[in-house]
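The values are calculated or read from the model by the stated rules, or taken from the named source; none is laboratory data. Fair warning: this is a prediction, and the values are worked out from it, not measured in the lab. Here the Cβ positions follow ideal geometry from the backbone for every residue, glycine too, while neighbour counts run over all protein chains shown.
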Amino acid sequence: MDTAMRYARGKEFFEARDFITAARWFAEVVEDAPENLGARMLLARSYYHSAALGKAEEQLRIILEQNPAEAYAHLMLGRTLQRLSREDEATKHMRLSAAMTGGSLD
């Protein structure tokens, strides 16, 4: 199965809210195409929703290394860190996201 088909399968499972299975498919996509930030974001989101928070954090940090201006990655990292009870670190990313998008911290 090629990368595009794996991505499509991952999207199907993500949309069906089967985040564990979606993560398996997106992990394969990211392994094949590590520069694909869209797939990596969906992988991070799948990990977040399946409570694999350490893995979500790892993927989000990779995204931010490659694209520090990715506001949604800052937001997701902030939320992930909040769930990990790391409020001080979370606040930094939540503020960056809010500043980039004109949003609020609420």
Original post:
Looking at this structure, is residue 51 surrounded by 17 or more Cβ atoms within 10 Å (Cβ to Cβ) and among the aliphatic types (A, V, I, L, M)?
Top reply: no
Original post:
Under 7 Å by Cβ, and 6 or more places apart or on different chains, what pairs join a residue from region 60-85 that is closer than 13 Å to residue 42 by Cβ with one that is outside any helix (DSSP H, G or I)?
Top reply: 63/70
**OP:** Return the total of residues in region 40-74 being within 9 Å of the chain's Cα centre (by Cα) and aliphatic (A, V, I, L, M).
**Re:** 8
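Listed here are the residues, each with its yes/no results for (1) at pLDDT 95 or above; (2) touching a helix residue (DSSP H, G or I) at 6+ places or on another chain (Cβ under 7 Å); (3) aromatic (Phe, Trp, Tyr).
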{"position": "17", "(1), (2), (3)": "yes, no, no"}
{"position": "27", "(1), (2), (3)": "yes, yes, no"}
{"position": "30", "(1), (2), (3)": "yes, yes, no"}
{"position": "40", "(1), (2), (3)": "yes, yes, no"}
{"position": "47", "(1), (2), (3)": "yes, yes, yes"}
{"position": "56", "(1), (2), (3)": "yes, yes, no"}
{"position": "60", "(1), (2), (3)": "yes, yes, no"}
{"position": "73", "(1), (2), (3)": "yes, yes, no"}
**OP:** Working only within region 53-106, note down all residues that are over 21 Å from residue 23 (Cβ atoms), outside any helix (DSSP H, G or I) and not polar (S, T, N, Q).
**Re:** 68, 69, 86, 102, 103, 105, 106
**OP:** Considering every residue within region 2-13, establish whether at least one is modelled with pLDDT of 95 or more and under 13 Å from the mean Cα position of the chain (by Cα).
**Re:** no
